[in-house]
Structures are given as structure tokens and as C-alpha cells.
Amino acid sequence: MSMAIELAQRAYQLAEVPVGAVLVDAHGEVISSAFNKKESLQDPTAHAELMAITQGAHACGSWRLNDYVLYVTKEPCVMCAGAILACRLKRLVYGCHDPKGGAVNSLYTLLHDNRLNHQVEVTSGVLQQQCADLLRGFFTQLRRGNAIIGR
């Protein structure tokens with residue numbers, strides 16, 4: 001999770017919403033990592049989770065990531081939760097909850113829905129305070145109109 005936080009800090013410096021994601025294999029080896037780039041790429045799908053999953057699938061040579069774990073600093077949204085289900089991810093570990101858009105535990109529970117053909121193991125609250133503080137600081141600066149590097 002520490003690596004995901006470092007990536008989120010890089011996003012912050014680029015005026016991106018500070019979310020970082022790291023995909024690791026069953027042995028704990030990093031397969032891919034990414035941070036939000038929606039603003040930089042002007043791409044609404046450029047979420048950290050999606051980019052880490054896409055890079056990981058390319059690196060592994062398969063869209064099936066059954067034995068992989070994704071670490072992300074913030075609870076995934078509906079789009080990212082859908083991608084996590086689509087790639088058959090084994091486990092998700094995330095930092096802080098997203099009460100306004102979280103699709104894992106907050107607003108929706110997509111990864112635990114028994115009606116779907118795949119469920120994902122979930123661990124939440126890992127380094128929660130650090131993850132939440134980073135997001136809170138970013139949005140506080142944005143609301144105050146303070147310049148964020150990159151904007």
C-alpha cells in the first residue's frame with residue numbers, strides 16, 4: 001500500500017485526484033502500477049485501477065488475473081469495480097472508503113454480489129488515514145482555489 005500512496009502523491013503533484021494502484025502476483029511481485037491521469041490524458045477512464053489492470057494484463061499475457069492482488073488507495077468506483085470483476089481479480093486491498101462513489105462497500109457492494117459469476121476477496125482500511133488525508137488535502141486546496149502543481 002505504501003507504493004500506491006507514493007503513486008497517489010505523484011498524481012497530486014500533477015493536479016490529478018491522488019489515487020494510486022499497484023497490481024501484484026501471488027508471490028508479491030509488482031506486475032504493474034499506475035495513478036490517476038484523467039486530467040493529463042483527458043480520458044474519463046484513466047483511473048489508477050483501470051490502468052494498472054490493463055498494464056498487468058498485457059504484462060501477463062492474459063486478461064484473467066485470478067491469482068493477483070490489487071492495492072489501491074481509495075475504494076474503487078463502479079467502473080473500476082466492474083473491471084476488477086471482469087478480470088477475475090482474486091483480491092482487492094484498499095485504503096479509505098469513498099462514501100460518495102464507492103462501489104465495494106460504501107454505496108454498492110459489487111464485489112460481493114452473489115448474483116454475479118465472480119466475487120473478490122476484499123480488505124479495506126489499510127493505511128486508511130494516510131490515504132484519506134491525501135485526498136482530503138487535495139480537495140481542500142482545490143476548493144480554496146489554491147494552485148495545485150499542474151493546474
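The values are calculated or read from the model by the stated rules, or taken from the named source; none is laboratory data. Predicted model, so just to flag it, every value in this text is computed and none were measured. A quick note on method: Cβ atoms are made from the backbone with ideal geometry, for glycine too, and the neighbour counts reach across all protein chains shown. Side chains included, ligands, DNA and RNA excluded: accessible areas come from the protein's heavy atoms. Shrake-Rupley method; radii C 1.70, N 1.55, O 1.52, S 1.80 Å.
Dividing the summed -39500 (n - 2.57) terms of all DSSP H runs of n ≥ 4 by the residue count of the chain sets its mean residue ellipticity at 222 nm at -11000 deg cm²/dmol.
Residue ranking by accessible heavy-atom surface, 1.4 Å probe, largest first, among Leu65, Leu110, Leu116 comes out as Leu116, Leu110, Leu65. The accessible surface of the chain, taken with every protein chain in place and a 1.4 Å probe, is 50 percent carbon and sulfur. How about Lys100: which lysines have a C-alpha closer than 16 Å to its C-alpha, ignoring those fewer than 8 places off in the same chain? Straight-line reach from Lys100, under 16 Å: Lys74. Here each label is just a point 7 Å from Cα along the line to Cβ, and for Glu121 and Thr140 those points are 3.6 nm apart.
The slack in the chain from Arg64 to Gln130, taken as 0.36 nm per residue of separation less the alpha-carbon distance, amounts to 20.7 nm. Remark on the chain: Cys60, Cys77, Cys80, Cys87 stand apart, with no other cysteine beta carbon under 4.7 Å. Calculated accessible area for the chain comes out at 51 Å² per residue, all protein chains present (probe 1.4 Å; ligands, DNA, RNA ignored).
Largest first and in whole Å, the equivalent-ellipsoid semi-axes of the stretch 91-151 read 30, 13, 9, each the square root of five times a Cα gyration tensor eigenvalue.
Taking Lys and Arg as +1 and Asp and Glu as -1, the other residues whose beta-carbon sits under 9 Å from that of Pro76 total -2. Centre-to-centre separation between the Cα atoms of the stretch 6-77 and those of the stretch 85-123: 15 Å. Surface calculation, 1.4 Å probe, protein heavy atoms: Leu127 sits at approximately 70 Å² accessible.
Residues Met3, Met51, sorted by accessible area with the largest first, give Met3, Met51 [1.4 Å probe; ligands and nucleic acids excluded]. At the residue level, Glu16 shows approximately 0 square angstrom of accessible surface with a 1.4 angstrom probe and all protein chains present.
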